[in-house]
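Below: the structure, in structure tokens.
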Amino acid sequence: MPTVASLLKGIQFPSAIINAAGAKDVSRADLDALGASASGAIVIKTATVEHRDGNVTPRWTTDEMGSLNSMGLPNLGYQRYVEYMPQLKAYGKPLIASVSGVNDGDNETMIAAYHAAGVDMVEVNLSCPNIAGKGQLGYDFVASKAMLERCRAQTDKPMGVKLPPYLDNYHFEAMAEVLQQTNVDFIVTINSIGNALFIDPDREMKLIAPNSGFGGLGGRYVKPTALANVHKFFQLVGDQMPIIGVGGVVSGTDVFEHILAGASAVGVGTQLVNEGPDVFTRLNAELADVLAAHGYDSVEAARGQLRELAA
Ligand code: RRO
């Protein structure tokens, strides 16, 4: 049987399939459930310096095609996660922290603390779509570069970025240049597609309460955009930076598509919320079957093997 393991920047993942930051990873119980699951890593909810309750509810909804959220960064505050780290590391898989400071200096403070506590990898989230009054940093290339320079100075552990979806070639190229200039180690793409709107026509109503009903779109709806973002960055910087593909993963075949597009690992968000942590056992088995059916013995062998369609 093929292996579903993967190696990113020298860090061994027992499975390439992991949780996406934000999906069932806020509380200690959530994180223990991920540790006990067949997930290839434990990704901790994007943290802030202070604990946050997040936005008013209802702030999450799903339909058969995906999800809409305006969670508003609910998290326990980074210090609590730092306290949990020794027990979480005992699960024997990589521990990945995610940060999105709300004040100047917050990201540096959090990264330095996670580094000192022995985290394996850090994700700088440049793309939370749900903080009122704050634009997504990932759409401001100058500000992103300055932020990543400051973050980079805090750790020599693998440091990555969680990117918003890009739709224009100029944006892919500009961000790829920023990532190279700031020595970023890995890319996580995509975050949810911001400012989507779900409507219940029967009740003539919006389906989530915060931010006038606007929120981040995830799930099956976003898979083509996610695959395109993975593949664009693979073409631009795939030889230097491994990519964690996120978006629209429901089956092992979806995982395989991300890998063909260039992903070394794949995050699961909406489907983890819908199905619970057992999703990883199912997806690992399905991915192994798909890899075998296509004659690949590993994730690395299939990575980026997407072929052009001859004209
Ligand atoms: O907590 C959120 O509202 C949230 C975050 Br930080 C994020 O990065 N992506 C998202 O869809 N929701």
Neighbour-count ranking for K162, K89, K232 (other C-beta within 10 angstrom, fewest to most) reads K89, K232, K162
Given the convex hull over the Cα atoms of the chain, what projected area results after averaging over all orientations, in nm²? 15.9 nm²
Based only on other Cβ atoms within 10 Å, what is the fewest-to-most ordering of R152, R80? R80, R152
Hull volume per residue for the range 163-291, using the convex hull of the C-alpha atoms, in Å³ is 130 Å³
Going fewest to most other Cβ atoms within 10 Å around each Cβ, L217, L7 line up as L7, L217
Please give me the summed charge of the neighbours of N195: other residues whose Cβ is under 14 Å from its Cβ, Lys and Arg +1, Asp and Glu -1. +2
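Per residue of the chain, what 222 nm ellipticity follows from adding -39500 (n - 2.57) for every DSSP H run with n ≥ 4, rounded to the nearest 500?
Working: 10 runs with 107 residues, N = 311.
So the helix-based figure for the chain works out to -10500 deg cm²/dmol.
Below 9 angstrom from the Cβ of F186, what's the summed charge of the other residues (Lys, Arg +1; Asp, Glu -1)? Intermediate results must be reported in sequence, preceding the final value.
On the way: positive: K9; negative: E123, D185.
Around F186, the surrounding residues sum to -1.
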Working note, the range 241-311: Cα radius of gyration (Å, one decimal) and Dmax (Å, whole number) are 12.4, 43
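In this model, which of K24/K134; K134/K232; K9/K93; K134/K162; K157/K223; K45/K89 are farther than 19 Å apart at the alpha-carbon? Mind showing how you got there, number by number?
Details: K24/K134 24 Å; K134/K232 27 Å; K9/K93 14 Å; K134/K162 16 Å; K157/K223 30 Å; K45/K89 16 Å.
Flagged as over cut-off: K24/K134; K134/K232; K157/K223.
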Karplus (6.51, -1.76, 1.60) ³J(HN,Hα), θ = phi - 60°, over the range 257-265, in Hz, Gly and Pro reported as x: 4, 4, 5, 4, 6, x, 7, 8, 8
What does the charge dipole of the chain about its Cα centre add up to, to the nearest 20 debye, if the Cβ of each Lys and Arg holds +1 and the Cβ of each Asp and Glu holds -1? 320 debye
How are the Cα pair distances of the range 89-170 distributed, in percent, across 10 Å bins from 0? 17, 49, 26, 7, 0
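Let me check against my output: what whole-number percent is the relative contact order of the chain, with C-alpha pairs under 8 Å and at least 6 apart?
Values: 698 pairs, mean separation 66.9, N = 311.
That works out to 22 percent.
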Cα-based Rg (one decimal) and Dmax (whole number) for the range 23-177, in Å? 15.7, 44
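Any read-out appearing in this document is the output of simple, stated calculations on the displayed coordinates, not a laboratory observation. All of these numbers come straight from a predicted model, not from anything done at the bench. Note that each Cβ is placed from the backbone with ideal geometry, even for glycine, and that neighbours are counted across all protein chains shown.
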